Amino acid sequence: MKNNEQTIDYLRTTTAIRERCDRIYNLTLLNKSYHFRCNLSKLDRVADYVIDVINQEYPDFNIPFHSRWRHFEAKNIPRLAELEQKLIAFTPLEKLQIKFDLVIISVLLDAGAGGDWEYRETETGLIFSRSEGLAVASFRMFCQGIFSSNPDYPLQADAQGLENLTIDKLAAGFQASGTNPLIGLPGRLELLQRLGTALETFPQIFGKINPRPGNLANYLLNLPIENDRKPGQSNQSSVPINQIQSK
């Protein structure tokens, strides 16, 4: 059992993933893959196209990361500045915890929405779909306290709030209905509920009193300093996935 667990832990590391991706890529180049084909004949053309886009959109080469955080500002609406205003009274650590809560929940809710779903943002009147729509909707739900069990502290996602989340409340937050169908809504709910259970299962990572995804910030900041690692910098490629899976 121990060897199996060690193997599973290894296969979940970024190192193992890169190694296996490289093996698949090389096998595909040799036409030995049953599932993939790789044709690099137009690679130069693709590279030229990417360079042209970079020169047009980012002539200073200051290219922002593709991230969930940027999705929150879809259509150039400064929602993050709005969030910062809500966080003025919080300490830097509390702000970090809240932002962890927000982005982790939003990423977990980000799966294919389907081509028929859309979200109308009440605050702006703008209409969004797909990943941007899911990001904006989850941002608004978070700010409304839908993922918190404590009305006095709406800007959090805690174990009890996630476990008690209902399909009706999540559907309302996404504006999902029979005429505005969102693919996989029950699965999204189940994922958040399972996260709530996992938060309680691992208090050493997510806290004992009020388990939250945001308490992962405390865990990472308190990792022991080793070698040349700076305070607050993790000495691991990632937190082992098996430590936060729901049992």
Inset, instruction - Examine the range 90-102 for a residue that is assigned to a helix (DSSP H, G or I), touching a helix residue (DSSP H, G or I) at 6+ places or on another chain (Cβ under 8 Å), surrounded by fewer than 13 Cβ atoms within 10 Å (Cβ to Cβ) and in the same structural domain as Leu221 (by TED's automatic domain parsing), and state whether such a residue exists. - result: yes
Inset, instruction - Under 7 Å between Cβ atoms, at least 6 apart or on separate chains: pull out the pairs that start in the range 92-115 with a residue that is within 30 Å of Thr179 (Cα to Cα) and end on any residue that is of a type in the set (Gly, Ala, Ser) and crowded, with 19+ Cβ neighbours inside 10 Å. - result: Ile105/Ser138; Ile105/Ala157; Ser106/Ala135; Ser106/Ser138; Leu109/Ser138; Asp110/Ala135; Ala113/Gly133
Inset, instruction - For the range 60-82, state whether one or more residues are under 27 Å from Glu200 (Cβ atoms) and touching a Leu at 6+ places or on another chain (Cβ under 6 Å). - result: no
Inset, instruction - Inspect all residues belonging to the range 32-42 and state whether any of them is in a helix (DSSP H, G or I) and either over 28 Å from the mean Cα position of the chain (by Cα) or not β-branched (Val, Ile, Thr) (or both). - result: no
Inset, instruction - Output the residues belonging to the range 165-196 that are touching a helix residue (DSSP H, G or I) at 6+ places or on another chain (Cβ under 8 Å) and polar (S, T, N, Q). - result: Thr166, Gln175, Ser177, Gln193
Legend entry - Cβ-Cβ under 8 Å pairs, at least 6 apart or on other chains, the range 8-31 side at positive phi, far side assigned to a loop (DSSP other than H, G, I, E, B): Asn31/Arg37
Inset, instruction - Looking at (1) outside any loop (DSSP other than H, G, I, E, B); (2) not assigned by TED's automatic domain parsing to the domain that holds Ser138, find the lone condition where Trp69 falls short. - result: (2)
Legend entry - Filtered residue count, the range 125-155, keeping only those that are touching a helix residue (DSSP H, G or I) at 6+ places or on another chain (Cβ under 9 Å), hydroxyl-bearing (Ser, Thr, Tyr) and at pLDDT below 95: 1
Legend entry - Residue list for the range 63-118, restricted to those being out of contact with any Gly (no Cβ under 9 Å at 6 or more places or on another chain) and closer than 19 Å to Gln175 by Cα: His71, Phe72, Ile105, Ser106, Val107, Leu108, Leu109, Asp110, Gly115, Asp116
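The values are calculated or read from the model by the stated rules, or taken from the named source; none is laboratory data. In this text, all values refer to a predicted model and were calculated from it rather than measured experimentally. Every residue, glycine as well, gets a Cβ built from its backbone with ideal geometry; the counts of neighbours run over all protein chains shown.
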